[in-house]
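To start, the structure under review is shown below, and the notes come after it.
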Amino acid sequence: MPPSSALEGKLAEAQFSRSKKRRKIAGYGAVVVVAALLLVTLAYLAIQLDRARTQLQQIGQSAGQLSLQPPPLDAGVGGITAPPPNQALESSQSVESTRASEPPPSPESPATADAGASGEQLSITAPPPNQALESSQAIESTRASEAPPSLESPATADAGASGEQLSITAPPPNQALESSQAIESTRASEAPPSPESFATADAGGFREQFLQRLEAYESEVESQVGAIHLRDWDADGYARLANLKTRAIEQFSAGDYLLARQSLQQARELAAAAAANHAKELTAARRAAAEAFANGRAAEAQRAVRRALLMNPSDPDMSALEARVAVLPEVLDLLRQAKVAQNENRPAKEAAALQKIVALDGARASVKARLQAVREQLLRQRFADAIGAAQDALAAGDLPAAEKQIQLAKAVWPAHEALKPLQQRLQQVRTEREFEAQMALGEQAGRRDDWQAATAHFARARQLKPNHQGAVAGQNRARQVLEVEREITRILAREHRLADRRVVESAAAYLRETETVTRVSPRLRELHTELAGKVDLYLTEVEVVVLSDNATHIIVRGEGQVGKTERRTIRLRPGKRVFEGSRRGYKSKLVTLDIAPGATSVEVAVICDEKI
């Protein structure tokens, strides 16, 4: 059994013996034995004991020396009265305030106390750490070769002035454990003894140290325990820590300051081990979660993620992985569907499955890359299908269908080189179709005698094919018809001008020149015929009978002279004619005659009968 366990058993046995028998013994012998055992078996406690003795010395200097004289037999077990808690606390604070200004005591400084009525000085000197360690090792080696002492083999010590013998026997390991357990169970059923009954020479220092360590434990250790969420992922460890703290407080309340400090130290060590184990367990849980997720083991990954989040709820990686693990079964099923579709060469079905996976778990880079590749494959296939359909539509002369397929292909791959020849061919076919349509519309308009529309259609055809002979001829013919129609209409609107010889002769010549144009336009032919009739009427002379007194000289302005006559018949073209008569001694006279076209005979009288 380790020395610390043996010491705990011995202390428990001693305390149990004192509480049960209430024997009045001199406490200094027990203190000496306990201190000797502690210094021999627990070398690391030497420094702590030195500090405790230093505290007692400083308390004695500041508040008066602490009386350690053995009390009368009815003063209680051990006969040592501990200072009141407030006085010990104030003394401890005073010691702490002066400690910073004083050098630490050397290990050889003796801790002295009044030995009681005998007046002897008890000197306890802590051995150096190395010497204590060597002594401990020597004792352990000697203990290993000897049989464990029995309960009846006493280890005696001077009990002080009373002369009584105090027997402290170290039980075997198993027996010590059983004794400790029995003591603890008995203590639970008995009323706890007062702290003053177990006070020792170092009680004040141990008490103050425990309070300080308890405060540090609650402010530091427990906050660290809370930070690693020990209760969530290791309830047993958390319960052990709580039990150790509770035990330490109970031991402190019972006046067992040394045991209380040891329990609190055990809690610190257990908390440190839990913190180290937390880092190890968290790393293992994260690694297990990532490995299970990568291998598609959803249930295992979920357990590992939950454990990692119990240990660190604010872990962003595990929180993200938890969401991915939640959809892992569905993702795995979709991955199988995508694989089957890929093997069956059904890219559309594969892309649909991959798209669902990306929607569920967008962090799968490989799935995104495969989805991109499948989409590109689908686009290439769609482009090829559209190009083929466009070519077929052009061959069949289905321009709308060809245009639609070319637009589909262009939407997939706008700058592909295969689009340009198709677009050029489509444009050529469209141009040819449009040209033919415009030519047909122009011919139809000509047959309807709508030469205005015919001109527009032929002009559109020439825009598509500027040098096409048919379009040029059609446009010229339509323009000529319209031009002749406008000219004839103009002549007919000014019919009276046909009375002029030059105008009527010019009109007759124009009719002869445009006679062939009238063959393509019924309306123009009618206008042409109407004008020709008018020209013929204006070119046909009408018989005019001129009456006079045979003394008046008569002329027809622009036509010629009639002379003096009583009655003469002449022939004049239709229109307004001015007859002028003159006679010596008489005023001249003008007579206007309007000869209507188609008239057979007219008379006019011209006589100057007014003298000057």
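The values are calculated or read from the model by the stated rules, or taken from the named source; none is laboratory data. Keep in mind it's a predicted model, so treat the numbers as computed, not measured. Every residue, glycine as well, gets a Cβ built from its backbone with ideal geometry; the counts of neighbours run over all protein chains shown. Note: accessible area is taken over every heavy atom of the protein model, side chains too, but ligands, DNA and RNA are not part of it. Shrake-Rupley method; radii C 1.70, N 1.55, O 1.52, S 1.80 Å.
For T516 and A279 in one chain, what is 0.36 nm times their gap in residues minus the Cα-Cα distance, to one decimal in nm?
Values: separation 237, 0.36 × 237 = 85.32 nm, distance 11.21 nm.
My answer for the length gained is 74.1 nm.
With N set to the number of residues, divide the alpha-carbon radius of gyration of region 386-485 by 2.2 N^0.38 Å and report two decimals. Please list the in-between numbers first.
Details: Rg = 17.7 Å, N = 100, 2.2 N^0.38 = 12.7 Å.
Here the Cα radius of gyration is 1.40 times the empirical estimate.
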| task | On each of the three principal axes of the Cα atoms of region 525-584, give max minus min coordinate, whole Å, ordered largest first. | result | 55, 17, 12
| field | Sites A348 and E417, calculated FRET efficiency, Cβ-Cβ separation with R0 30 Å, nearest 0.05 | value | 0.70
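What's the carbon and sulfur percent of region 507-601's accessible surface, probe 1.4 angstrom, rounded to a whole number? Walk me through the numbers before you get to the answer.
Numbers: 2430 of 5320 Å².
Carbon plus sulfur share of accessible area: 46 percent.
At most 11 other Cβ atoms within 10 Å and a DSSP loop assignment: could you name the GluC sites (Glu not before Pro) in region 301-344 that fit?
Numbers: sites: E322, E330, E344; in loops: E344.
Of the GluC sites (Glu not before Pro), the ones in loops of region 301-344 whose Cβ has at most 11 other Cβ atoms within 10 Å are E344.
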| Can you give the direction-averaged projected area of the convex hull of the alpha-carbon atoms in region 446-560, in nm²? | 9.1 nm²
| query | Quick one: if you stick a label point 7 Å off each Cα along the C-beta vector at A320 and A359, how many nm between them? | reply | 2.3 nm
| request: With r as the distance between the Cβ atoms of A437 and A509 and R0 = 45 Å, compute the FRET efficiency 1/(1 + (r/R0)^6) and round to 0.05. | output: 0.65
| task | Measure off 7 Å from each Cα along the Cα-to-Cβ vector at R497 and D236, then give the distance between these two points in nanometres to one decimal. | result | 12.9 nm
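In the P(r) worked out for region 281-358, what percent of Cα pairs fall beyond 17 Å?
On the way: 1472 of 3003 pairs.
So the portion of pairs separated by more than 17 Å is 49 percent.
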| A453-R584 pseudo-label distance in nm [points 7 Å out on the Cα-to-Cβ vector] | 7.6 nm
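Would you mind telling me the share, in percent, of accessible area of region 373-495 contributed by carbon and sulfur at probe 1.4 angstrom? Provide the component values of the computation, followed by the final result.
On the way: 3560 of 7230 Å².
C and S fraction of accessible area: 49 percent.
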